[in-house]
Amino acid sequence: MEDLENLIKLQQLDSNILSLKQRLESIPLEIRKIDSFSQEIEKKYEEEKKKLTNLEKRKRDKERDIQDINEKIKKLKERTPQIKTNKEYQALLKEIQTVEEELRKEEENLLIILYELDDTRKKLDEVKANLEKRKEELENEKKNLEEEISNTKKRIELLKEERKEIVKKIPHELYEEYIDLMKKHKGIAVVQVKDSVCQGCFLHIPPQLYVEVKLDQSIYHCPQCGRILYYKKQQQPVQVSSE
Ligand SMILES: [Zn+2]
């Protein structure tokens, strides 16, 4: 029966269109995910950079401290010629010693900062290289998804054209029935019967009906879900091509 064949083709087209539309709806969400992931990556990098900036500031502060201490030592030493007594001289020496002690400590601290700075710079370089690579990957993924959107839209348009041609061949009443069934059963109106089982609701259909469906002489419905049934012959599967 040609009507049934057209209905099967129509169902396959509609199923294809439906799944393409679902895919189309899901893509923007994926793109938004990629965008927010990119922003996260950027944020992480900025945080690492901030660490480096802080360390650099600490280094400058420490260097200034050391300079101040050196200045202090210099001034203390300049006082030496004016010293009159041994007691005063000993006191000055002790003061210089204390400040020199402070200088050593601060120089050690500076060294620690320099090591940290070196580490952080290396780490930042690594992070940057990784992030740039990942960002590039994300950009590519995004581009692919955007391409997929336009390809899917084109594909849907083609299928809709094909659909129009098939609808023209189907009697009006039958088409209306098909549309009603589509609405009732979430987009599946025409189903295969496989080993006596309706593939829409999985009812075992009566043997007589199974025989009739196999004979392919008329339009038959599942007694339970009401969908239009068809039997797929092993040798000649129904071909739906979009070409
Ligand atoms: Zn059924």
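Considering only residues that are aliphatic (A, V, I, L, M) and either assigned to a loop (DSSP other than H, G, I, E, B) or in contact with a Ser or Thr (Cβ under 8 Å, 6 or more places away or on another chain) (or both), which ones fall in the range 202-211? Lay out the reasoning, then the answer.
Taking the range 202-211 and keeping what is aliphatic (A, V, I, L, M), we get 203, 205, 209, 211.
L203, I205 - these are the residues of the range 202-211 that are aliphatic (A, V, I, L, M) and either assigned to a loop (DSSP other than H, G, I, E, B) or in contact with a Ser or Thr (Cβ under 8 Å, 6 or more places away or on another chain) (or both).
Are there any pairs, at least 6 apart or on different chains, whose C-beta atoms fall under 7 Å, with the first in the range 212-227 and more than 13 Å from I188 (Cα to Cα) and in a loop (DSSP other than H, G, I, E, B) and the second of a type in the set (D, E) and away from the ligand (no atom under 11 Å from the Cβ), and if so, which?
I219/D3
For the range 203-218, how many residues are crowded, with 18+ Cβ neighbours inside 10 Å and either within 23 Å of L13 (Cβ to Cβ) or within 10 Å of the ligand (Cβ to nearest atom) (or both)? Outline the logic, then answer.
Start the filter on the range 203-218 by keeping residues that are crowded, with 18+ Cβ neighbours inside 10 Å, which leaves 205, 210, 213.
With the extra rule that they be either within 23 Å of L13 (Cβ to Cβ) or within 10 Å of the ligand (Cβ to nearest atom) (or both), the set shrinks to 205, 213.
The number of residues fulfilling the criteria is 2.
Consider G200 against the criteria (1) surrounded by 18 or more Cβ atoms within 10 Å (Cβ to Cβ); (2) of a type outside the set (F, W, Y); (3) more than 16 Å from the ligand (Cβ to nearest atom): it satisfies all of them except one. Which criterion is unmet?
So G200 meets the others, but not (3).
Give I69, I27 a once-over and let me know the one that is within 30 Å of S150 (Cβ to Cβ), in contact with an Asp or Glu (Cβ under 7 Å, 6 or more places away or on another chain) and touching a residue at least 24 places away in the same chain (Cβ under 8 Å).
Testing whether each residue is within 30 Å of S150 (Cβ to Cβ), in contact with an Asp or Glu (Cβ under 7 Å, 6 or more places away or on another chain) and touching a residue at least 24 places away in the same chain (Cβ under 8 Å) leaves just I27.
What residue, of I228, I219, I205, I170, is over 30 Å from R32 (Cβ atoms) and under 41 Å from the mean Cα position of the chain (by Cα)?
Details: I219 fails: under 41 Å from the mean Cα position of the chain (by Cα); I205 fails: under 41 Å from the mean Cα position of the chain (by Cα); I170 fails: under 41 Å from the mean Cα position of the chain (by Cα).
Step by step, each of I228, I219, I205, I170 is checked, and only I228 is over 30 Å from R32 (Cβ atoms) and under 41 Å from the mean Cα position of the chain (by Cα).
Run down I188, I156 and say which single residue is surrounded by 15 or more Cβ atoms within 10 Å (Cβ to Cβ) and within 16 Å of the ligand (Cβ to nearest atom).
Values: I156 fails: within 16 Å of the ligand (Cβ to nearest atom).
The conditions single out I188.
Spot the failing condition for Y230; the list is (1) within 16 Å of the ligand (Cβ to nearest atom); (2) at negative phi; (3) out of contact with any helix residue (DSSP H, G or I) (no Cβ under 8 Å at 6 or more places or on another chain), and only one is missed.
(3)
Filter the range 43-55 down to the residues that are in contact (Cβ under 8 Å) with a residue 24 or more places away in the chain and under 22 Å from the mean Cα position of the chain (by Cα) and list them by number.
Step one: of the range 43-55, the residues in contact (Cβ under 8 Å) with a residue 24 or more places away in the chain are 44-45, 48-49, 51-52, 55.
Scanning the range 43-55 gives K44, Y45.
Out of all the residues in the range 160-183, which are surrounded by 13 or more Cβ atoms within 10 Å (Cβ to Cβ) and within 16 Å of the ligand (Cβ to nearest atom)?
E177, Y178, L181, M182
Bear in mind these aren't lab numbers, they're just calculated from the coordinates by the rules spelled out. Bear in mind that the values here come from a model prediction, so they are computed numbers and not experimental data. All Cβ positions, glycine included, derive from the backbone under ideal geometry; neighbour counts span all protein chains shown.
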